[in-house]
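Take a look at the structure set out below.
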Amino acid sequence: MLVVSANCMLQVFGGIIAAALAAWVAWHVFKWVRFPELGPWLVFVSLFIISGAARRPFVQMIMLFLAIGALALIPVGKVWREQDRLRRMLQKLATHHSNNRL
């Protein structure tokens, strides 16, 4: 009974940690293309497409937590994109202003 409980806890917490790490890496990779909230969805779909992977309980747990995290990151990604757009606009204005002073 103790082994079953430990295995369940390991799958849940391991799934959370693995999903968080995968979502974090995907978020930072997709920041380069300015759509960071799509990163966790790509990891989720790739795990779903890999044959046989979706049948394993640990991968199912990771997919569940990735889907929850991906849903939570959609509004965060939109806010990040808006802030990035404003930051780039301010950088462009500052560069243009400093070039005109010379």
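The values are calculated or read from the model by the stated rules, or taken from the named source; none is laboratory data. All of these numbers come straight from a predicted model, not from anything done at the bench. Ideal geometry is used to build each Cβ from the backbone, glycine not excepted, and the neighbour counts take in all protein chains shown.
Miscellaneous remarks
- Top-ranked residue of region 32-75 - restricted to ones that are charged (D, E, K, R) and more than 21 Å from L10 (Cα to Cα), ranked as surrounded by the most Cβ atoms within 10 Å (Cβ to Cβ): E37
- For the residues F58, F65, the requirement of being modelled with pLDDT under 85 and either in contact with a Gly (Cβ under 9 Å, 6 or more places away or on another chain) or among the aromatic types (F, W, Y) (or both) singles out F58.
- In this structure, H28 does not satisfy being part of a helix (DSSP H, G or I) and either loosely packed, with under 10 Cβ neighbours inside 10 Å or aromatic (F, W, Y) (or both).
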